[in-house]
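Let me begin by presenting the structure, written as structure tokens, before commenting on it.
What follows is calculated from the coordinates using simple rules that are stated; it is not laboratory data. In this text, all values refer to a predicted model and were calculated from it rather than measured experimentally. Counting neighbours? That spans all protein chains shown, and the Cβs are built from the backbone with ideal geometry, glycine included.
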There are 2 protein chains.
Amino acid sequence: MPELRKDPVVGRWVIVSAERAFGPRAFGAAAQQAERQARSQQEEALCPFCPGREAGTPPEVLAYRAHGLPPNGPGWTVRVVPNKLPVLRVEGSLEREGVGLYDRMSGLGAHEVVIESSQHRVRLGDLAVGELEQIVWAWRDRIHDLRRDFRLKYVLVFKNDGVVAGAPSTHPHSQLIALPIVPRRVAEELEGAKRYFAFRERCVFCDMVRQELREGGRLIYENGGCVVFAPYAARFPFETWIVPKQHQASFQDSPRQIFRQLGEALKVALFKLDRALQQPAYSFTLHNAPFQDDRSESYHWHLEIMPALAAVTGFELGSGFYINPTPPEESARYLREETPLGL
Amino acid sequence: MPELRKDPVVGRWVIVSAERAFGPRAFGAAAQQAERQARSQQEEALCPFCPGREAGTPPEVLAYRAHGLPPNGPGWTVRVVPNKLPVLRVEGSLEREGVGLYDRMSGLGAHEVVIESSQHRVRLGDLAVGELEQIVWAWRDRIHDLRRDFRLKYVLVFKNDGVVAGAPSTHPHSQLIALPIVPRRVAEELEGAKRYFAFRERCVFCDMVRQELREGGRLIYENGGCVVFAPYAARFPFETWIVPKQHQASFQDSPRQIFRQLGEALKVALFKLDRALQQPAYSFTLHNAPFQDDRSESYHWHLEIMPALAAVTGFELGSGFYINPTPPEESARYLREETPLGL
């Protein structure tokens, strides 16, 4: 069983997934290259995420398909399945214990794959808005289901696309990891937003949306529900955030229309990034309120997109300090004015 | 002039270095590949870090060479020069201002390169202990000099080695960035260590050293002054820390003998990692007390080494949450028992 371990200094939790363990020989550059090639060849021929090969995945936990079609067969548009090699498992109980000065917890949770399209080779930015909307709904529906387990505190929704960003497969998919803890970054955001609220009695994200719409220099796109902009203190070139205009801590409890608006904003953002940067590797992460804070006045869900243009170095990881060679005003101007909308 | 910008939610400072700015076209995969090749070819022929080409760098700020030899000429063993494309500059004054809800600061600081050897192609782990000791002394001497500038709060010392970890040159070098702020990760460590001290009246790093020496399962090497071990909540496969046995907040104020002991421990750690992982790309960062906390009872300087075995994805960056497929007990056992010492 995988376990969660806590760094005794900064309090960061790490999944140590011994079930996935591989020895030092697996890490030689040659070994990695060979593994990647084998995986990519196998995957072309026999992708278990493609329609007609549903038996190659664990039974689905959600799928959108035409009325009357049986589960675990073709005809779906979005399909969610448990990860075959989960980093956390739902079985067992949540045990916490000390190990000398250290703290550990059993690796209880869930790890699911959202197969975003029936097409094997397609960029998310090239899908129709309605298809993006379905993906967003799948995240929402799965979070609603997973929150019923009272041992879980948070569901991480993220996507890694492309070789540099570390994606293991080319069939488009995002992932959900349900956790018995609140991830460090989200906890930091919650605390920071609370401090801002204590001082100003306003949500910092609402203030950010107002200022970005007023100033316009970092604005990339807006629709009725969402603002797409390059954040003021962007860590990476072309870092792009999507923030709903209306205050809402909890993604899954948002009004229905926001899922279409988010789907459209995500489509525009990814289409523009693909055109500007020649289909870069990228990642995105949904930042959402933990279940226990889903009515927070100070927290505000949003989506952060990070093109993987340069390798993240130990400098950034070791220091928590970033150097961004592209001012967000420049990347926003380029995305806003020199790339098509794609709608 | 570059500027420092603060994320209004989590308080993270980012250097936005417009002087290094490059447009979106610089980021296509083909453009990056071409640039890397050009850089590597040029560098082979005309490396400005090689002896005899001292005029190709800004005038040195420190060098260790035989008595009587003139500065900025050959004969040195370690040489420190300002970075030609600094991310921060010492000129100008430290200005802070608000921009609506955001905060910025002028990009005041220093950015230096420690040329670690006169040999162009050499792995740090293959240098002699005495050579490593000199590198460590160079960090110390530069920090002592930079701390005299009262506008500066911290000096980041780090190294990126190898393509995956994002190193721009193959001639071995580490870097120093002197900052008017305390980097986020160090601030978090300080706070965490203070909380631990408040609760237990002991330094958490001292406790860690004691437990690692007693348990031995994550121990890789020890000498009279330093312990080398895989941390309990390692974020990455083969992550390795070097921690001095005696409590000391400030690296640069440590007793003289520690610099030799750190040099030896660093040599052993890097030699073993090179043998175990076939000369991996890696980074390390010195974690040191900020100048204002240099007598802290709760903070304890140390060095964190991170082999760059897998690309860091947006998942980690977006969530602050890590999944480590190699338990630190496994990597430590391998490094301890199945690789030579190299001494």
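Quick notes
- Cα-Cα over 21 Å, subset of A:K194/A:K267; A:K6/B:K6; A:K159/B:K159; A:K6/A:K153; B:K159/B:K267: A:K194/A:K267; A:K6/B:K6; A:K159/B:K159
- With the label put 7 angstrom out from Cα along the Cα-to-Cβ vector, B:V122 ends up 5.7 nm from the copy partners, going from closest to farthest.
- MRE, 222 nm, helices only [DSSP H, n ≥ 4, -39500 (n - 2.57), over chain B, to nearest 500]: -9500 deg cm²/dmol
- Debye-formula intensities of the range A:210-342, expressed as log10 I(q)/I(0) at q = 0.12, 0.14, 0.15 Å⁻¹, are -0.48, -0.65, -0.74 (one equal scatterer per alpha-carbon, no solvent).
- Ranked for footprinting exposure by Cβ neighbours inside 10 Å, fewest first, A:E337, B:E304 give A:E337, B:E304.
- Each label point was placed 7 Å from the Cα along the Cα-to-Cβ direction; for B:R53 and A:D253 their separation is 6.2 nm.
- Once the Cα gyration tensor of the range A:96-176 is diagonalised, semi-axes √(5λ) in Å: 31, 17, 8
- Ordered by the number of other Cβ atoms lying within 10 Å of each residue's own Cβ, fewest first, B:V99, A:V113 fall into the sequence B:V99, A:V113.
- For the residues of A:183-194, the average number of beta carbons from a partner chain within 10 Å of their own beta carbon is 4.
- The range B:122-166: chymotrypsin sites (Phe, Trp or Tyr not before Pro) in DSSP coil with no more than 10 other Cβ atoms inside 10 Å: B:F150
- Qualifying trypsin sites (Lys or Arg not before Pro) for the range A:272-343 [loop in DSSP, other Cβ within 10 Å: at most 15]: A:R295
- Between the range A:39-108 and the range B:115-157, the C-alpha centres lie 48 angstrom from each other.
- Here the Karplus relation 6.51 cos²θ - 1.76 cosθ + 1.60, evaluated at θ = phi - 60°, turns the backbone of the range A:243-251 into coupling constants of 10, x, 5, 7, 5, 7, 6, 9, 3 Hz, with x for every Gly and Pro.
- Across identical copies of the chain, A:G216 has label-point separations of 7.1 nm, listed in ascending order, with the point defined 7 angstrom from Cα along Cα→Cβ.
- Test item: Cα-centred dipole of the range A:195-343, Lys/Arg +1 and Asp/Glu -1 on Cβ, debye: 220
- Label spacing, shortest first and in nm, from B:Q292 to its equivalents in the remaining copies (7 angstrom along Cα→Cβ): 3.1
- Sparsely packed loop sites in the range B:166-223 (the GluC sites (Glu not before Pro) outside DSSP H, G, I, E and B with at most 16 other Cβ atoms within 10 Å) comprise B:E201.
- The mean number of Cβ atoms from other chains found within 10 Å of a Cβ in peptide A:323-333 is 6, as a whole number.
- FRET efficiency for A:H144 and A:Q246, using Cβ-Cβ distance with R0 set to 22 Å, rounded to 0.05: 0.65
- Residue-by-residue Karplus 3J(HN,Hα) for the range B:227-236, coefficients 6.51, -1.76, 1.60, Hz, glycine and proline x: 10, 10, 8, 8, x, 3, 9, 4, 7, 10
- In the range B:109-241, inverting the average of 1/r over every pair of distinct C-alpha atoms gives 17.4 Å as the Kirkwood radius.
- Shape summary of the protein assembly as shown, radius of gyration then Dmax from alpha carbon positions: 25.0, 90 Å.
- Inter-probe distance in nm under a simple model that places probes 7 Å from Cα toward Cβ, at A:R210 and B:E337: 6.3
- 10 Å Cβ neighbours from other chains, averaged over peptide B:236-242: 2
- The charge dipole of the protein assembly as shown, taken about the Cα centre with unit charges on the Cβ atoms of Lys, Arg (+1) and Asp, Glu (-1), comes to about 180 debye, rounded to the nearest 20.
- A cut-off of 5 Å between modelled amide H atoms, ignoring neighbours fewer than 5 places along the same chain, links A:Y221 with A:V228.
- With distances taken between every two different alpha-carbon atoms, chain B has a Kirkwood hydrodynamic radius of 21.3 Å.
- By the count of other C-beta atoms within 10 Å, a proxy for reagent exposure, A:K153, B:K194 are ordered fewest to most as B:K194, A:K153.
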